[in-house]
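The values are calculated or read from the model by the stated rules, or taken from the named source; none is laboratory data. Since this is a predicted model, take the numbers as computed values, not measurements. Using ideal geometry, Cβ is built from the backbone for each residue, glycine included, and neighbour counts are taken over all protein chains shown.
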Amino acid sequence: MLSRRETAWKKSRTFGDVKGGRRNPKIADKIFARTHSIPRPSSQAELPIFVRDNPSRDYFFPITESDVRRELSHLPKRDWKGLTHIWFRRFKASDYDAGEIPLAEFCCGSGIRVIVLYP
């Protein structure tokens, strides 16, 4: 008979989980690491909502919240009316060293549309 340690991965499975050691499998495009942790804004919230992380030491965001608001005001409303968040996001140093950090990302789903800007 196998011990509990050897069969621990078989315990408490729920429908849809990946069977085995990992809950989320490693995929090349890191689909599970995207920005779906942001909650959907309420209907009374002023959009877009700005989220700002503190950048790592020696890095800075080249654009400010007021700059983004000014540039959005110059665009037609139909181009940005569905935008819910603009996130000035901090990156991991290991991702930067590996060269995997883009200048910006756009992510949508679960009722959110986010532009992520990196320092």
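Could you look through the stretch 86-100, keep only residues that are of a type in the set (A, V, I, L, M, F, W, C) and surrounded by 15 or more Cβ atoms within 10 Å (Cβ to Cβ), and pick out the one that is farthest from residue 63 (Cα to Cα)?
91
Counting just the residues of the stretch 28-84 that are acidic (Asp, Glu) and in a loop (DSSP other than H, G, I, E, B), which one comes out modelled with the lowest pLDDT? The residue in question is 29. Only residues that are touching a residue at least 12 places away in the same chain (Cβ under 8 Å), over 26 Å from residue 111 (Cβ atoms) and of a type in the set (Gly, Ala, Ser) were counted across the stretch 48-94, and they come to 2. Check the stretch 77-85 and report whether any residue there is surrounded by 14 or more Cβ atoms within 10 Å (Cβ to Cβ) and farther than 22 Å from residue 42 by Cα. Looking through the stretch 77-85, none of the residues is surrounded by 14 or more Cβ atoms within 10 Å (Cβ to Cβ) and farther than 22 Å from residue 42 by Cα.
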